[in-house]
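What follows is a single structure, written as structure tokens, with notes after it.
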Amino acid sequence: MQFLHSSLSCAEHYGYAKNGALMKIDLDQRETQICDLLRNVSLYLKAKYPILPVIVPRIAGGWVRDKLLGKTCHDLDIAVNDMMGYEFAQHVNLFLQENDYPTRNIAKIDSNPEKSKHLETATTKLFGQEIDFCNLRTEIYSQDSRIPSEITFGTPLQDAYRRDITMNSLFYNINTSKVEDFTEKGLSDLAQGLIRTPLAPFETFKDDPLRVLRCIRFTGRFDFVMMPELREAAKHPEIKEALMSKISRERIGQELEKMLMGPRPFQSLLLIHQLELYPVVFMSPENVSGTQREDILALKAAGVVYWLSNTENDKEYLSISSQEELRTLYLGASLLPLQGVMTQGKNKLVPSTQVVLRDSIKTNNASITTVSTIIKAIPMIQTITNKNYTSEGVTRSELGMIIRELGSLWTVAVKLSLISELLESHKDIAWSQPEPVSQSVGQTHCAKYSALIKKAHTFGIETCYTWKHQLDGKRVAALLGIRPGPQVASILNHQMVWQLEQPNGTEEECAEAIQKYWQTQSKA
């Protein structure tokens with residue numbers, strides 16, 4: 001699709017970003033088509049409604065930032081002046097229809113403050129790219145909510161200053177093909193690698209305390225430095241109180257999740273501790289039994305995770321297998337202060353780690369199960385690891401039954417147990433600053449835990465949690481002439497021990513072993 005007014009072929013540049021990228025807006029073919037279309041719609045509106053202000057479509061926020069950093073971004077938000085986004089999107093479709101081009105439906109998304117959707121937005125697709133349209137705006141906040149109490153049409157300057165940080169306040173003016181930096185700090189902060197709020201940080205954070213966590217996340221994501229005044233404001237008691245009272249736990253958990261899945265999770269966790277926000281993010285439950293250890297243990301444990309993920313100690317067995325496993329280890333490390341601590345539930349005591357995962361950061365059920373399981377398994381894993389490292393060693397069934405108990409989590413449980421032991425054995429090391437820590441520090445411990453994983457592979461039982469019983473429960477009950485019930489479960493457990501010890505055993509031999517075991521139990 002070709003239009004009369006096309007994008008400039010040579011992009012203007014704005015110096016170099018901290019990551020070394022030449023800061024310029026290079027449009028790909030689809031982006032060029034979109035910008036050409038929207039520029040022509042602006043001209044179309046100017047000709048059709050000459051008494052109205054010129055409508056200037058601007059690409060806002062993260063797309064501009066990422067483009068200037070030399071990164072790709074497929075999140076296109078178009079902000080327009082003096083017109084609602086839905087109305088402008090309708091004009092786009094009218095322009096396309098009048099020029100015999102196909103159109104797509106426009107979805108109107110009404111404002112929904114409960115879901116952090118503060119403004120009416122229109123969504124459609126242009127050239128296969130999903131695009132959001134909204135109007136430039138200014139916001140007024142009330143004392144007790146992060147949701148704006150009043151939203152009105154704003155100028156580009158007002159819209160830029162309402163945003164969380166300067167590098168997210170940049171616009172790309174489609175009509176002029178130029179980047180606009182209304183705060184006069186966005187481009188220089190990208191060049192210097194600084195995280196700065198457009199307005200005074202205390203007021204910015206007080207209006208919307210979630211911005212504190214967003215600043216932490218962007219600092220870690222881009223390896224930037226948070227301005228000192230931001231750090232001071234984030235530590236202010238009023239801001240911490242506002243984070244707890246004005247921000248839902250779901251939103252806090254979502255920001256934490258993005259940090260843990262980002263490129264520098266340790267840097268983000270370090271900032272959470274430095275800004276004294278650990279008790280806010282990982283809010284502990286009431287009515288606990290047991291002693292919660294100091295918060296700094298969580299940071300030290302995270303430091304060991306960072307060290308382990310960057311060390312060369314036995315990469316075959318102790319390397320971090322995926323980003324998801326790394327996230328699990330950082331989350332487990334962050335909750336180690338609660339190891340062994342219980343919370344009174346409705347009818348029983350439950351691990352406090354479960355409560356924090358469920359209520360404080362609102363993570364998913366799979367993560368609650370995973371992290372709670374591997375923390376609870378630490379004493380058991382440490383015991384079997386130490387036994388394996390002695391002359392006595394461990395038997396195939398001993399290790400196999402533990403692997404079956406933990407299922408696919410057994411290797412990550414071994415790694416978290418190693419992390420816990422390194423903390424206990426090397427208390428003199430500043431794990432909160434892991435980069436200078438020598439790789440030779442944990443060689444003995446790493447060798448010990450690596451040996452356990454290697455032993456499972458040597459035994460051929462590393463996936464024994466998938467094994468089925470040679471005789472299922474019905475066949476066992478029929479063999480022994482008993483009714484199905486709890487006693488059958490006990491027999492099946494004994495049968496799996498036999499299978500682990502007799503890897504080449506036949507069904508007939510298995511049945512004979514079960515009968516002998518049952519006779520012994522019956523006599524007892």
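Structure data summary
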read-out	value
Selection count where residues are of a type outside the set (D, E, K, R), open to solvent by 20 Å² or more (accessible area, probe 1.4 Å) and in contact (Cβ under 8 Å) with a residue 40 or more places away in the chain, scope region 382-429	6
Helices (runs of 4 or more DSSP H) completely within region 167-272 that count 2 or more residues being over 28 Å from ILE25 (Cβ atoms) and of a type outside the set (S, T, N, Q)	201-207, 210-222, 228-235, 237-246, 249-260
Residue, least open to solvent (accessible area, probe 1.4 Å), within region 430-446, restricted to residues that are under 22 Å from LEU326 (Cβ atoms) and of a type in the set (Gly, Ala, Ser)	GLY442
Subset of region 231-263 that is among the small types (Gly, Ala, Ser) and open to solvent by less than 60 Å² (accessible area, probe 1.4 Å) - its residue that is farthest from LEU210 (Cα to Cα)	GLY262
Condition met for THR103 (of a type in the set (S, T, N, Q) and not in a helix (DSSP H, G or I))	yes
All positions within region 493-524 that are modelled with pLDDT of 90 or more and either in contact with an Asp or Glu (Cβ under 8 Å, 6 or more places away or on another chain) or outside any helix (DSSP H, G or I) (or both)	GLN502, PRO503, ASN504, GLY505, THR506
Pick from region 167-212, criterion of a type in the set (Lys, Arg) and in contact with a helix residue (DSSP H, G or I) (Cβ under 9 Å, 6 or more places away or on another chain), ranking: modelled with the lowest pLDDT	LYS206
Residue under evaluation TRP431, criteria (1) modelled with pLDDT of 90 or more; (2) over 28 Å from the mean Cα position of the chain (by Cα), criterion not met	(2)
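Residue-wise test of (1) assigned to a helix (DSSP H, G or I); (2) farther than 24 Å from ASP428 by Cα; (3) open to solvent by 10 Å² or more (accessible area, probe 1.4 Å).
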position	(1), (2), (3)
GLN292	no, no, yes
ALA298	yes, no, no
SER309	yes, no, yes
GLU325	yes, yes, yes
LYS346	no, yes, yes
LEU357	yes, yes, no
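The values are calculated or read from the model by the stated rules, or taken from the named source; none is laboratory data. All of these numbers come straight from a predicted model, not from anything done at the bench. Glycine gets a Cβ as well: all are built from the backbone with ideal geometry, and neighbour counts include every protein chain shown. Just so you know, the surface numbers come from the protein's heavy atoms only, side chains and all, with ligands and any DNA or RNA stripped out. Shrake-Rupley method; radii C 1.70, N 1.55, O 1.52, S 1.80 Å.
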